[in-house]
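The values are calculated or read from the model by the stated rules, or taken from the named source; none is laboratory data. Keep in mind it's a predicted model, so treat the numbers as computed, not measured. Backbone-built Cβ (ideal geometry, glycine too); neighbour counts: all protein chains shown. Side chains included, ligands, DNA and RNA excluded: accessible areas come from the protein's heavy atoms. Shrake-Rupley method; radii C 1.70, N 1.55, O 1.52, S 1.80 Å.
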Amino acid sequence: MVYRAFFDAVFLSMDPEKAHERAFAGIRAGRFATRIVFPQTRAPRTVMGIEFPNAFGLAAGFDKNAKAVPGLLALGFGHVEIGTVTARPQPGNPRPRLFRLVDDRAIINRMGFNNDGAAECASRLHRLRRTKAGRDAVIGVNIGKTKVTPAQDAVADYVESARLLVPYASYLVVNVSSPNTPGLRDLQAVDELRPLLSAVKEVADRNPGGRVPLLVKIAPDLADDDVDAVADLALELGLDGISATNTTIARPDTLRTDRAVIEAAGAGGLSGPVLAERATEVLVRLRERVGDRLAIISVGGVTTPDDVRARLAAGADLVQGYTGFIYEGPGWPSRLAAASA
């Protein structure tokens, strides 16, 4: 309640991206964790050969550059997925590119993979892994295509990111489902996806420090037959899992926000509770398709402790959230982590 009053009084008056930057700076500096002790849920579960402290983690997009991992873990997340990281640094799309749909507790973003690039993020992770907190942390690394890289060079672009980042990743996620990089979602087609995943898997398998688990992240907008095709491909190639789902390009009629506000926000990926139904449908479909042969990270529309429990009951091995963090504040991760126990 205190955070919501603060959010309504302070953050709502700020540009959303500026508000994010200020909150991020506080987390990075450990200001929240040093003033309040957040419960750390210990409910270990082994997924993909990795021991996770609990089943609830932070989805990619919040910490794009691996700058705040210890502070985020101190809030109660069991793992943090950094990125999306691209082979080359890039500024992302022009501002404004982040919009709140407050009545729906939702977000529209078209950030465009703004990040420092794979080499800089690898250097940062290298330094982090040399600390005790860093050695113990479960850190997923989410990689995507550099915007200026031509489609025909996409495989080499992903391979370069994987080569630099795999040594520091607990697990690696190939992101082909963001709507904010032109042509990226075309890579979800099986004929395009097979050579890409095969090449990245070779890098992950040959990591000198030991094999790193590999997942692919898919969009909620895929048709059911395409979800099945990706699942079959993941099994064929020997991937470790699927992350489902990313943001949606749809603007459902169920949104309560005024249509003029939604249209003014423009293009981008929609996230928040409105995604819950489709994300759960995809989760159930994937679990029925792959059985226990692949791990599934369920993400999209996870807001409440009941959401976490429902995703786990529906077959998720791990659950992630992001948008709820913006609206619910620093106490949110520990509440949802507790629901995963």
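Looking only at segment 35-73, count every residue that is exposed (fewer than 14 other Cβ atoms within 10 Å of the Cβ), within 20 Å of GLU328 (Cβ to Cβ) and either free of Cβ contacts under 8 Å to residues at least 40 places away in the same chain or under 19 Å from the mean Cα position of the chain (by Cα) (or both) and tell me the total. Spell out how you get there, then give the answer.
Keep residues of segment 35-73 that are exposed (fewer than 14 other Cβ atoms within 10 Å of the Cβ), which gives 35-37, 39, 42, 44, 46, 49, 51.
From the residues that got through so far, the ones that are within 20 Å of GLU328 (Cβ to Cβ) too are 35-37, 39.
Then drop every residue that is not either free of Cβ contacts under 8 Å to residues at least 40 places away in the same chain or under 19 Å from the mean Cα position of the chain (by Cα) (or both), which leaves 35, 37.
Total meeting the criteria: 2.
If only residues of segment 25-34 that are open to solvent by 30 Å² or more (accessible area, probe 1.4 Å) and either touching a residue at least 12 places away in the same chain (Cβ under 8 Å) or of a type in the set (Lys, Arg) (or both) are counted, the one that is nearest to VAL69 (Cα to Cα) is ARG28. Starting from segment 198-214, take each residue that is in contact (Cβ under 8 Å) with a residue 40 or more places away in the chain and list its partners that are hydroxyl-bearing (Ser, Thr, Tyr) and surrounded by fewer than 21 Cβ atoms within 10 Å (Cβ to Cβ), counting only C-beta distances under 9 angstrom and pairs at least six apart or across chains. From residues that are in contact (Cβ under 8 Å) with a residue 40 or more places away in the chain, the pairs are VAL212/SER170; PRO213/SER170.
With ARG88, ARG22, ARG100, ARG95 as the choices, which residue is closer than 22 Å to VAL302 by Cβ and either part of a loop (DSSP other than H, G, I, E, B) or open to solvent by 20 Å² or more (accessible area, probe 1.4 Å) (or both)? Before you say what the answer is, go through the steps one by one.
On the way: ARG88 fails: closer than 22 Å to VAL302 by Cβ; ARG22 fails: closer than 22 Å to VAL302 by Cβ; ARG95 fails: closer than 22 Å to VAL302 by Cβ.
Exactly one of ARG88, ARG22, ARG100, ARG95 is closer than 22 Å to VAL302 by Cβ and either part of a loop (DSSP other than H, G, I, E, B) or open to solvent by 20 Å² or more (accessible area, probe 1.4 Å) (or both), namely ARG100.
Selection over segment 265-293 of residues that are touching a residue at least 60 places away in the same chain (Cβ under 8 Å) and either part of a helix (DSSP H, G or I) or more than 19 Å from the chain's Cα centre (by Cα) (or both) gives a count of 8.
Kindly establish whether ALA223 is surrounded by fewer than 16 Cβ atoms within 10 Å (Cβ to Cβ), closer than 26 Å to ILE107 by Cα and either over 14 Å from the mean Cα position of the chain (by Cα) or not small (Gly, Ala, Ser) (or both).
Values: surrounded by fewer than 16 Cβ atoms within 10 Å (Cβ to Cβ): yes; closer than 26 Å to ILE107 by Cα: yes; either over 14 Å from the mean Cα position of the chain (by Cα) or not small (Gly, Ala, Ser) (or both): yes.
Taking the combined requirement at face value, the residue satisfies it.
Looking at the structure I just gave you, is SER198 among the polar types (S, T, N, Q), open to solvent by less than 60 Å² (accessible area, probe 1.4 Å) and in contact with a His (Cβ under 9 Å, 6 or more places away or on another chain)? No; evaluated as a whole, the condition is false for this residue. The condition of being of a type in the set (Asp, Glu) and under 30 Å from PRO53 (Cα atoms) does not hold for ASP157. Among the residues of segment 170-189, none qualifies, meaning not one is surrounded by fewer than 19 Cβ atoms within 10 Å (Cβ to Cβ), in contact with a Pro (Cβ under 7 Å, 6 or more places away or on another chain), within 18 Å of VAL85 (Cβ to Cβ) and touching a residue at least 40 places away in the same chain (Cβ under 8 Å). Within segment 125-162, the residues that satisfy the criterion of being among the charged types (D, E, K, R), in contact (Cβ under 8 Å) with a residue 24 or more places away in the chain and open to solvent by 40 Å² or more (accessible area, probe 1.4 Å) are ARG129, LYS147, GLU160. Look at segment 219-233: where a residue is among the polar types (S, T, N, Q), no partner that is open to solvent by less than 10 Å² (accessible area, probe 1.4 Å) and modelled with pLDDT of 95 or more sits 6+ places away or on another chain with Cβ atoms under 8 Å. So is ARG293 open to solvent by 30 Å² or more (accessible area, probe 1.4 Å) and within 18 Å of ALA59 (Cα to Cα) or not? Judged against the criteria, ARG293 is not a match.
Residue-by-condition table, conditions (1) in a strand (DSSP E or B); (2) at pLDDT 95 or above:
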site: TYR158; (1), (2): no, yes
site: SER161; (1), (2): no, yes
site: PRO167; (1), (2): no, yes
site: VAL173; (1), (2): yes, yes
site: PRO182; (1), (2): no, no
site: ARG185; (1), (2): no, no
site: PRO195; (1), (2): no, yes
site: ALA199; (1), (2): no, yes
